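To start, the structure under review is shown below, and the notes come after it.
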Amino acid sequence: MKKSLYIIMSCTLLLSSCGIYKKYERPEVNTKGLYRDTLSDQDTLVSNDTTTLGSTPWREVFTDPKLQTLIDSALSNNSDLLTAALSVKQSEDMLKVAKLAYVPSFVFSPNGALSSWDGAKTNKTYSLPIQASWTVDLFGSLLNAKRAQQMVLVQARDYQRAVRTSIISGVANCYYTLLMLDEQLRITKETEALTEQTWKTMQDMKEYYGYNEGSVLSAKANYLSVKASIPEIERQIRETENSLSLLLAQAPTRIDRGTFAGQSLPENLRTGVGIQVLANRPDVHAKEMALANCFYNVNKARSAFYPNITITGSAAWTNSSGMGIVNPGKMLLNAVGSLVQPIFQHGQLIAGLRVAKSQQEQAYIAWQQSILNAGSEVSNALKLYETSAKLSEIEAERVETLQSNVEAVTALMANGSTYLEVITAQQTLLASKLQKVVDDFNKMQAVVNLYYALGGGRN
């Protein structure tokens with residue numbers, strides 16, 4: 001008995017050294033220089049700050065009260081987020097099933113029979129058995145299956161976080177787009193009124209100062225061109241409202257909102273250190289958990305090479321022992337131990353192990369690529385913010401200059417300025433004002449993109 005026990009313990013230690021019981025450990029990964037410096041073509045962004053914009057509560061990033069109300073509504077009602085929550089619940093239940101595999105299974109199957117031979121007295125037999133079966137996880141098959149399911153649960157939770165982050169960012173992006181379109185509509189309507197006034201002024205000057213018909217028609221065409229752009233902006237507003245309504249899981253409706261000029265953005269766009277993206281980005285972390293899942297599947301494939309030990313037992317109160325019928329019944333006990341060792345499945349098991357290893361390699365590549373993708377998104381968002389901020393400053397000065405030019409040429413229209421100078425000045429001013437709005441919107445969008453790229457979505 002001692003010799004047998006020694007052999008079993010030796011085999012167990014040997015198998016442990018093969019990695020069947022080994023836990024997943026994160027492979028080495030280099031995140032140095034993951035974020036590119038916005039001011040240099042060669043250097044990478046160096047940061048020792050352990051806080052990031054992604055770890056900031058979303059209410060501190062998006063401070064507009066009406067935007068916060070919309071985000072709250074989306075987080076409560078969005079169908080994708082509700083589906084993700086159900087996926088988490090399903091994974092939790094599957095993990096419970098994997099844990100219960102360690103527990104013996106019990107089956108209660110009572111039965112009875114009536115029999116008579118050639119019209120003789122009827123014999124009545126009965127049995128009230130309880131059967132138990134227990135799989136001994138000596139070689140880690142159940143253990144690795146449970147660990148793999150744990151990784152699936154973490155993946156489901158990561159997916160839920162990713163959906164949450166996407167919803168917050170999506171609502172903010174649609175909201176800021178609406179504000180931008182509202183501002184463009186306001187500017188265009190002001191310009192419409194200005195160009196209409198110019199057209200009517202030229203009509204009067206034609207009558208009193210002899211302006212030709214061509215100048216009047218050109219002014220009218222400029223007015224109609226500006227007027228024609230208004231329905232297009234209104235269409236874009238309606239479509240954006242409809243898109244935002246979908247995120248809110250409600251029928252298309254008008255969205256209550258603030259003003260473009262009343263928005264405030266975070267002053268410090270903290271990116272943190274590159275290694276934080278591994279934990280903060282839910283999609284990156286989910287890729288790593290997929291890698292961990294494949295790791296345990298490889299261990300499970302290895303354990304399939306070794307015996308499967310099962311202990312079964314039964315206890316029954318019966319009046320039929322197989323040798324005769326007795327009344328009252330007696331207790332019948334039975335216990336069996338079985339060992340199943342694959343013999344002619346070696347090729348199949350090797351193929352299964354190779355498949356599991358290939359899947360692990362694929363998961364590793366996907367994880368590495370997701371890290372690079374996250375770094376690229378952060379770098380792009382930072383550059384977009386920097387560029388938009390510079391362009392906004394330049395465009396603001398340009399708008400001021402063009403506004404003065406429009407006032408000047410309009411005032412001198414009766415004293416030498418041509419109608420063409422006036423129309424050109426108005427068109428250029430409108431284009432500059434609209435571009436200034438786009439530049440400011442791009443700053444807002446950059447903040448949203450950076451928040452998403454850094455794995456935002458926290459309460």
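The values are calculated or read from the model by the stated rules, or taken from the named source; none is laboratory data. Note that the structure is predicted; figures quoted are calculated from it, not measured. So basically every Cβ, Gly included, is an ideal-geometry build from the backbone, and we count neighbours across all protein chains shown.
Below, the figures for the structure above:
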{"item": "A228 of a type in the set (G, A, S) and buried (at least 19 other Cβ atoms within 10 Å of the Cβ)", "result": "no"}
{"item": "Test set (1) assigned to a helix (DSSP H, G or I); (2) surrounded by 13 or more Cβ atoms within 10 Å (Cβ to Cβ) - R257 fails condition number", "result": "(1)"}
{"item": "Long-range neighbours under 6 Å by Cβ, at least six apart or interchain, first residue closer than 12 Å to S229 by Cα within region 173-190, second of a type in the set (S, T, Y) and assigned to a helix (DSSP H, G or I)", "result": "T188/S229"}
{"item": "Residue check, Y364 assigned to a helix (DSSP H, G or I), aromatic (F, W, Y), touching a helix residue (DSSP H, G or I) at 6+ places or on another chain (Cβ under 7 Å) and buried (at least 20 other Cβ atoms within 10 Å of the Cβ)", "result": "no"}
{"item": "Single residue of region 231-253 satisfying the filter (surrounded by 13 or more Cβ atoms within 10 Å (Cβ to Cβ) and hydroxyl-bearing (S, T, Y)) that is farthest from T410 (Cα to Cα)", "result": "S245"}
{"item": "Neighbours by Cβ (under 8 Å, 6+ apart or cross-chain): first from region 363-386, under 11 Å from D283 (Cβ atoms); second of a type outside the set (A, V, I, L, M) and part of a helix (DSSP H, G or I)", "result": "A366/K287; W367/K287; W367/E288; S370/D283; S370/K287; A374/D283; E377/N449; E377/Y452"}
{"item": "Whichever residue in region 420-445 is closer than 25 Å to N212 by Cα and of a type in the set (V, I, T) and, among such residues, is farthest from the chain's Cα centre (by Cα)", "result": "V422"}
{"item": "Any hit, region 86-97, residues being closer than 27 Å to L246 by Cβ, surrounded by 15 or more Cβ atoms within 10 Å (Cβ to Cβ) and either at pLDDT below 70 or of a type in the set (F, W, Y) (or both)", "result": "no"}
{"item": "Candidates D72, D80, D64, D43 - the one that is under 30 Å from L265 (Cβ atoms), modelled with pLDDT under 80, among the acidic types (D, E) and under 43 Å from the mean Cα position of the chain (by Cα)", "result": "D43"}
{"item": "Unique residue being small (G, A, S), in contact with a Lys or Arg (Cβ under 6 Å, 6 or more places away or on another chain) and either within 30 Å of A156 (Cα to Cα) or at pLDDT 80 or above (or both) when the list is G262, G258", "result": "G258"}
{"item": "Criterion (within 25 Å of the chain's Cα centre (by Cα), at pLDDT below 60 and at negative phi) met by exactly one of T56, T50", "result": "T50"}
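Yes/no per residue for (1) in a loop (DSSP other than H, G, I, E, B); (2) surrounded by 15 or more Cβ atoms within 10 Å (Cβ to Cβ); (3) among the aliphatic types (A, V, I, L, M); (4) modelled with pLDDT under 85:
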residue	(1), (2), (3), (4)
G313	no, yes, no, yes
M323	yes, no, yes, yes
V326	no, no, yes, yes
L332	no, yes, yes, yes
S338	no, no, no, yes
